[in-house]
1. Consider just the alpha-carbon atoms of segment B:1-150 and return their Rg together with their Dmax, both in angstrom.
2. Summarise the partner chain shielding of A:119-127 as one whole number: the mean count of Cβ atoms from other chains within 10 Å of each residue's Cβ.
3. Give me the inter-chain shielding for B:11-24: mean count of other chain Cβ atoms within 10 Å, whole number please.
4. Can you give me the angle between helix B:8-31 and the longest principal axis of chain B, using Cα atoms only, in degrees from 0 to 90, rounded to the nearest 10?
5. Using a Gaussian network for chain B with springs between C-alpha atoms less than 10 Å apart, which of these wobbles most: B:63, B:158, B:197?
6. Given points 7 Å out from each Cα along the Cα-Cβ axis, report the residue B:35 to residue A:112 separation in nanometres with one decimal.
7. Mean shadow of segment A:27-124, computed from the convex hull of its alpha carbons, in nm²?
8. Can you quote the Å³ per residue value for the convex hull of the Cα atoms in segment B:69-219, rounded to an integer?
Amino acid sequence: MKGKCITVVLGGVIAAMMISILSAQPEKITLENVEAYKKKQRPPVHFPHEVHMAGDLACTDCHHRYENGKNILDESELEEGTPNIQCRACHTTQSRVNLRRAFHRQCIGCHRREKRGPRLCGECHMRTPPK
Amino acid sequence: MFDFIRGPLLWVAFIVFFGGLVFQLLQFFTLTRKKERLFLSVHGKTKGRWSIESMRQWFESLLTTIIGTHPMMTILTLIFHCCLFVTPIFLLAHNILLDESWGISIWSFSESTTDILTVVLLVCGALFLLRRIFVRRVRAITTAFDYLILFITVAPFLSGYMAYHQWFHYKAILFAHILAGEVMLIVAPFTKLGHMLFFFLYRFLIGSEYSFGQGTRSW
């Protein structure tokens with residue numbers, strides 16, 4: 001009986017944590033990075049975060065912090081507004097894999113591998129933002 | 001479809017383009033083995049090659065060419081050809097594609113600059129078209145093929161401009177843009193567009209083709 005109670009309580013706590021994490025995720029993110037790019041060459045990307053979360057992707061399939069070739073990012077860090085989890089926190093305009101390359105390789109690379117999702121410039125950098 | 005026109009077809013286009021240019025180059029040197037003595041030169045020979053007098057004579061001789069007879073057309077053509085080469089090579093989007101594919105890229109203009117260069121090229125192209133239609137002496141020697149060649153040259157830029165501004169159906173326009181570029185590359189070495197190579201070969205190496213240089217080769 002005692003064991004059952006602990007299981008239920010633990011399950012509830014984990015579920016609450018998951019809900020709090022998931023509910024903290026925005027549906028759409030506008031990737032504008034005005035701090036990094038003084039002069040924009042293309043319109044910002046309106047990234048449908050919820051579409052990616054609804055699929056079979058794990059958070060750490062995209063979000064990463066590599067150490068010795070291993071992604072050590074803790075998913076609990078992934079909350080909206082946390083500056084450290086922004087791509088530009090590591091991928092600056094000066095880094096080898098700079099911010100532009102990071103986005104392009106991450107997004108187009110995955111879309112190419114999965115054979116779905118946009119791969120053309122204007123499919124992400126839309127002049128008319130999607131509704 | 002996208003994978004095919006961006007992948008194998010692009011390779012075919014580049015191989016035909018560069019292979020065609022090399023073929024034409026080799027054929028040119030094979031057909032012009034004969035040498036001839038240069039009897040006439042438009043350059044002043046009385047003074048040193050780089051003297052002011054010599055330069056003045058050279059400049060005056062240029063005025064007897066199309067530069068002097070049709071200066072506006074000369075300027076227009078010069079601008080058109082500059083835009084034709086500079087725009088696609090230093091286009092940011094093309095260099096990003098190169099970077100994503102091979103990890104190499106060169107310096108690029110801003111997108112707004114290439115946008116202006118494209119408009120300039122399109123205006124020049126439109127004036128060439130009007131010239132072919134309305135100038136009687138040009139119309140007299142114009143065939144349907146000339147219009148086709150002008151269209152093949154301008155099409156990648158027109159479709160590129162439309163794709164950049166995301167007019168109409170973006171994906172269809174971008175496919176048309178890539179295809180138009182590939183068609184231009186494939187036909188360039190084997191049509192009138194081959195003057196990108198032949199201009200330099202004929203005008204600098206063939207003695208009897210109003211050589212700018214000291215060309216002594218002959219057909």
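1. Rg then Dmax for segment B:1-150, in Å: 21.3, 64.
2. On the way: counts 3, 8, 9, 9, 4, 0, 2, 2, 5.
Rounded to a whole number, the mean comes out at 5.
3. The shielding value for this peptide is 0.
4. Taking Cα atoms only, the helix is inclined about 10 degrees.
5. Among B:63, B:158, B:197, the largest GNM mean-square fluctuation belongs to B:63.
6. 5.2 nm
7. Details: hull surface 27.4 nm².
Its Cα hull, projected and averaged over all orientations, spans 6.9 nm².
8. Considering the Cα atoms of segment B:69-219, their hull volume per residue is 162 Å³.
FYI, it's all coordinate maths here, none of it is from the lab. Note that this is a predicted model, so its numbers are computed, not measured. All Cβ positions, glycine included, derive from the backbone under ideal geometry; neighbour counts span all protein chains shown.
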